[in-house]
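FYI, it's all coordinate maths here, none of it is from the lab. The model shown is predicted, which means the values in this text are computed figures rather than measured ones. Cβ placement follows ideal geometry from the backbone for every residue including glycine, while neighbour counts extend to all protein chains displayed.
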């Protein structure tokens, strides 16, 4: 056995190894935090990067984030700088541990987030002014949310490029076009639900929209007046996993849709009017 001392890695390389481990295998974060003081400083910043309701697929649970904010152990700038993706629990108003005041405090602390999801949870009116201060690039929420019935949170929509809407009721065409106008920088839109009658109208009204996705089980029928920006996706795994995958820049439904559109434009999709993905497409 060699008596040579163990090799010492440069700090830059050691930090990169720890950060890569925490980013790709978030379940290792609790252990990595205990390795050393310097590892703690590196990893703690990653711990709060992506927040999901129960910590599934992510670096932190919503409850853990609330505890950290309540503890006052960190400055507001810490959360503003390091929280990038926030998924609010669906039934947060029925969760005893999530009070209205705590929800507002969490949103206020997350002023630097890049993606926000309320998914199927309704949005209470009292947090709309807090939402107005946020500038996410990606947003998931219900289409019947109060956000779409008031101007209080309108500034939040300014920089959103990707929006996903749970369809809780059907809009008429005028309402859809009015809703679309609220997102001046929107390039990617997805709706979750069976309604598809609005698709041709949205495509015709917005040339800046690059991708329009419907997530439903409706496919197999030819739609008139739709172009190659439209994709119907049926084989999506759970929404939290998809959201986290997108937050990490992975192969989420947006990436699937973009790949399909690229293949369609290269005439690799047959028949050429098909707008849904099949296994044989290799996507």
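A few points about this structure:
- Anisotropy class of the stretch 100-161 from Cα gyration tensor, a/c 1.5 cut: rounded
- Relative contact order for the stretch 161-283, counting Cα pairs under 8 Å that sit 6 or more residues apart, in percent: 20
- Estimated [θ] at 222 nm from DSSP helical runs (n ≥ 4, -39500 (n - 2.57)) normalised by residues in the chain, nearest 500: -10000 deg cm²/dmol
- Euclidean distance of C-alpha centroids, the stretch 226-283 and the stretch 181-217, integer Å: 14
- With respect to the chain, whose longest principal axis is taken over its alpha-carbon atoms, helix 37-47 is tilted by about 10°.
- Residue separation of residue 258 and residue 223 scaled by 0.36 nm, minus their Cα-Cα distance, works out to 10.6 nm of gained length.
- Residue among 36, 145, 23 with the largest mean-square fluctuation in a Gaussian network model of the chain, springs linking Cα atoms under 10 Å: 36
- Modelled label positions at residue 9 and residue 61, each set 7 Å beyond Cα in the direction of Cβ, lie 2.9 nm from each other.
- The chain: most fluctuating residue of 83, 113, 202 per GNM, C-alpha cutoff 10 Å: 202
- Entry note, the stretch 100-217: relative contact order of 20 percent, from Cα contacts under 8 Å with a spacing of 6+ residues.
- Shape of the stretch 11-159 from the C-alpha gyration tensor: prolate (a/c of 1.5 or more and a/b above b/c, with a ≥ b ≥ c the square roots of its eigenvalues).
- Full-extension gain in nm, residue 104 to residue 16, via 0.36 nm per residue minus C-alpha separation: 28.2 nm
- Tensor-based shape of the stretch 183-283 (alpha-carbon gyration tensor, a/c under 1.5 rounded, otherwise prolate or oblate): rounded
- Against the chain, whose longest principal axis is taken from its Cα atoms, helix 253-265 shows a tilt of about 50°.
- Sites residue 38 and residue 207 - FRET efficiency at Förster radius 51 Å, r taken between beta-carbons, to 0.05: 0.50
- Between the labelled values (i) 24, 22, 21; (ii) 46, 23, 15; (iii) 37, 26, 15, the entry that holds semi-axes √(5λ) of the Cα gyration tensor in Å as derived from this structure is (iii).
- C-alpha long axis of helix 11-24 to longest principal axis of the chain, angle in °: 40
- For the chain, a Gaussian network of Cα nodes joined below 10 Å ranks 247, 133, 262 by mean-square fluctuation, and the top entry is 262.
- Take the Cα of residue 278, step 7 Å toward its Cβ, do the same at residue 81, and the gap between the two points is 5.3 nm.
- Length-normalised contact order for the chain - Cα pairs under 8 Å, 6+ apart - percent: 10
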